[in-house]
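**Q** Supplied in structure tokens, the structure appears directly below.
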Amino acid sequence: MPFPATAVANEFLTIAKAEGKELTPLKLQKLVYFAHGWYLALTGQPLISETIQAWQYGPVIPTLYREFREYGNGTIGTPAVQSGFIGGRFTMSVPSLDSCGHSRDEIEKARQVIRKVWELYGGFSSVRLSNASHVPGGPWEKVYKEGHKSIPIPNDEIRTYFQGLAHATGR
């Protein structure tokens with residue numbers, strides 16, 4: 001069962017904070033996209049429940065865009081929150097992998113992929129990650145149409161691309 005994108009984003013924010021690193025909305029978008037792609041390639045299952053869309057500057061998870069757009073190009077200062085009504089009361093919480101009702105095994109598998117993506121891509125700039133997320137022949141490039149910003153990128157396209165990367169890199 002996939003996780004909310006906000007829970008995966010918060011995992012990256014937690015890792016970055018523990019290492020004294022900062023994340024911008026763009027970099028976080030790309031890290032979650034890469035984690036989703038690698039998870040699809042390795043497990044055949046989606047990591048996040050949201051659909052990734054092809055926008056002008058690459059793949060975007062609209063939930064994360066809306067959640068963090070107030071930071072612009074700056075450093076994200078707070079984790080994503082979710083709000084709603086439970087028992088007639090308004091509640092707010094910080095989504096995490098642990099709070100999503102998944103098994104310990106599913107949570108650990110997700111954390112392993114997220115940590116590996118952080119190790120591989122966390123040191124790259126937002127621009128480098130953005131460039132890597134919309135390479136020729138990649139999932140974004142295959143579906144993007146000039147002037148449109150909400151074209152879904154099928155998980156099958158993402159999985160196939162990342163499986164190709166895994167094969168090419170021997171991962």
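The values are calculated or read from the model by the stated rules, or taken from the named source; none is laboratory data. Here the structure is a predicted model, which means the values were calculated and not measured. Glycine gets a Cβ as well: all are built from the backbone with ideal geometry, and neighbour counts include every protein chain shown.
**Q** Give segment 58-88 a look and list any residue that's surrounded by fewer than 19 Cβ atoms within 10 Å (Cβ to Cβ), touching a residue at least 24 places away in the same chain (Cβ under 8 Å) and at positive phi, or say none.
**A** Scanning segment 58-88 gives a single hit, G72.
**Q** Does at least one position in segment 29-36 carry a residue that is of a type in the set (A, V, I, L, M) and not in a helix (DSSP H, G or I)? It would help to see each step written out before you state the result.
**A** We begin by selecting, within segment 29-36, every residue of a type in the set (A, V, I, L, M); these are 31-32, 35.
Checking the rest, the ones that are also not in a helix (DSSP H, G or I) come to none.
No - not one qualifying residue is present in segment 29-36.
**Q** Name the single residue that is farthest from the chain's Cα centre (by Cα) among those in segment 56-84 being outside any helix (DSSP H, G or I), of a type in the set (A, V, I, L, M) and closer than 14 Å to Q29 by Cα. It would help to see each step written out before you state the result.
**A** As a first pass, look at segment 56-84 and keep what is outside any helix (DSSP H, G or I): 56-61, 72-84.
Those still in the list that are of a type in the set (A, V, I, L, M) too: 60-61, 76, 80-81.
Then keep just the ones that are closer than 14 Å to Q29 by Cα; that gives 60-61, 76, 80.
Values: V60: 9, I61: 7, I76: 15, A80: 13 Å.
Ranking the candidates gives I76 first.
**Q** Any residue at all in segment 88-108 that is in contact with a Lys or Arg (Cβ under 8 Å, 6 or more places away or on another chain), among the small types (G, A, S) and over 22 Å from A7 (Cβ atoms)? Write out each step before concluding.
**A** Step one: list which residues in segment 88-108 are in contact with a Lys or Arg (Cβ under 8 Å, 6 or more places away or on another chain), which gives 97.
From the residues that got through so far, the ones that are among the small types (G, A, S) too are none.
For segment 88-108, residues in contact with a Lys or Arg (Cβ under 8 Å, 6 or more places away or on another chain), among the small types (G, A, S) and over 22 Å from A7 (Cβ atoms): absent.
**Q** Keeping to segment 114-156, report how many residues are within 14 Å of H36 (Cβ to Cβ), in contact (Cβ under 8 Å) with a residue 40 or more places away in the chain and not in a helix (DSSP H, G or I).
**A** Total satisfying the criteria: 2.
**Q** At pLDDT below 95 and polar (S, T, N, Q): which single residue out of Q45, Q56, Q29 fits that description?
**A** Details: Q45 fails: at pLDDT below 95; Q29 fails: at pLDDT below 95.
Among Q45, Q56, Q29, only Q56 is at pLDDT below 95 and polar (S, T, N, Q).
**Q** When segment 117-171 is examined, which residues are found to be under 23 Å from A9 (Cβ atoms) and among the acidic types (D, E)?
**A** E119, E157
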